[in-house]
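**Q** Could you have a look at this structure, given as structure tokens, before my questions?
The values are calculated or read from the model by the stated rules, or taken from the named source; none is laboratory data. Note that the structure is a prediction, hence the values are computed from the model and not measured. Heads up, the Cβs are rebuilt from the backbone with ideal geometry, glycines too, and the neighbour counts pull from every protein chain shown. Ligands, DNA and RNA are excluded from the accessible area calculation, which covers all protein heavy atoms including side chains. Shrake-Rupley method; radii C 1.70, N 1.55, O 1.52, S 1.80 Å.
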2 protein chains.
Amino acid sequence: MMLHLICYDIENNRARTRLSKLLIKIGMERVQLSVFIGVLSKYEKEELLAKIEELVSEDPIYHVLCIPLHEDMLSGLDEIAKVPLDWEYLKGEKLCMII
Amino acid sequence: MMLHLICYDIENNRARTRLSKLLIKIGMERVQLSVFIGVLSKYEKEELLAKIEELVSEDPIYHVLCIPLHEDMLSGLDEIAKVPLDWEYLKGEKLCMII
């Protein structure tokens, strides 16, 4: 299980909406309009990537990045935000998000 | 010098455009609509983050992430794209991008 960031640019509205719904369904958190963060197992990631390939296959322009966020990377990450992310929640170390 | 990914959600059009122009000016490549990748030194990153803070300060909603992409992370990164990124170029290991 590891934290991952997924960001995408998908031209086709239908495919884009289907992808965002899929990411929410598998428990990832939307942190920006087209950026999601969440914990994925190796198997979940493989399944997700296969589904994304299928979703975007007919799209003329698409670009999706799935980046593993190692623990030691998080300390080197910079965030400039009105409302910073709750990283403990994203990592699954907390059961609810304090808002 | 290290490869970094910067992604943002900025509500204010003017601030968003100013940030994208700034990122292009300092040599980062736009890989998605609101995602840039490029090599930054520690000093360049500090300067850039300070400028971003200034740019977004009056925006009601903003979220910017600056993520260092270590070499060993790149091998674990997945990309689903019609036109995959030229990582050697992004890392500054090539002088031109083959298009």
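**Q** Considering only segment B:75-91, how many residues are part of a loop (DSSP other than H, G, I, E, B) and within 14 Å of the chain's Cα centre (by Cα)?
**A** Number of matching residues: 2.
**Q** Restricting segment A:22-40 to residues that are over 18 Å from residue A:74 (Cα atoms) and touching a strand residue (DSSP E or B) at 6+ places or on another chain (Cβ under 9 Å), which is farthest from the other protein chains (Cβ to nearest Cβ)?
**A** Here the residue is A:27.
**Q** For residue B:53, indicate whether it is touching a strand residue (DSSP E or B) at 6+ places or on another chain (Cβ under 8 Å), among the charged types (D, E, K, R) and part of a helix (DSSP H, G or I).
**A** So residue B:53 passes the test.
**Q** Which one is modelled with the highest pLDDT among residues in segment B:75-99 that are acidic (Asp, Glu) and open to solvent by 80 Å² or more (accessible area, probe 1.4 Å)?
**A** B:88
**Q** If a residue has to be within 12 Å of the chain's Cα centre (by Cα) and over 22 Å from residue A:83 (Cβ atoms) to count, how many in segment B:3-19 make the cut? Even if it seems obvious, please write down each step before you answer.
**A** Step one: filter segment B:3-19 for residues within 12 Å of the chain's Cα centre (by Cα), giving B:3-8, B:19.
This time we only want the ones that are over 22 Å from residue A:83 (Cβ atoms), so: B:3-4.
The qualifying residues number 2.
**Q** Here is a further query. Just the residues that are under 16 Å from residue B:15 (Cβ atoms) and of a type in the set (A, V, I, L, M, F, W, C), please, taken from segment B:25-64.
**A** B:33, B:36, B:48, B:49, B:50, B:52, B:55, B:56, B:61, B:64, listed by residue number.
**Q** Residue A:43 passes all but one of (1) within 7 Å of another protein chain (Cβ to nearest Cβ); (2) free of Cβ contacts under 8 Å to residues at least 24 places away in the same chain; which number fails?
**A** Just one mismatch for residue A:43, condition (1).
Residue by residue, here is whether (1) open to solvent by 70 Å² or more (accessible area, probe 1.4 Å); (2) outside any strand (DSSP E or B); (3) farther than 17 Å from residue B:69 by Cβ holds:
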residue	(1), (2), (3)
A:14	yes, yes, yes
A:18	yes, yes, yes
A:24	yes, yes, yes
A:37	no, no, no
A:46	yes, yes, yes
A:49	no, yes, yes
A:59	no, yes, yes
A:65	no, no, no
A:73	no, yes, no
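**Q** Here's another thing I want to ask about it. Mind telling me which of the residues B:49, B:19 ends up being closer than 16 Å to residue A:79 by Cα and within 8 Å of chain A (Cβ to nearest Cβ)? Steps first, answer last, please.
**A** Details: B:19 fails: within 8 Å of chain A (Cβ to nearest Cβ).
B:49 is the lone residue from the list that is closer than 16 Å to residue A:79 by Cα and within 8 Å of chain A (Cβ to nearest Cβ).
**Q** Could you run through segment A:67-82 and say how many residues are more than 7 Å from chain B (Cβ to nearest Cβ) and either in contact with a His (Cβ under 7 Å, 6 or more places away or on another chain) or under 18 Å from residue B:32 (Cα atoms) (or both)?
**A** Number satisfying all stated conditions: 1.
**Q** Taking segment A:51-66 as the region of interest, how many residues are under 20 Å from residue A:36 (Cα atoms) and among the acidic types (Asp, Glu)?
**A** So the answer is 2.
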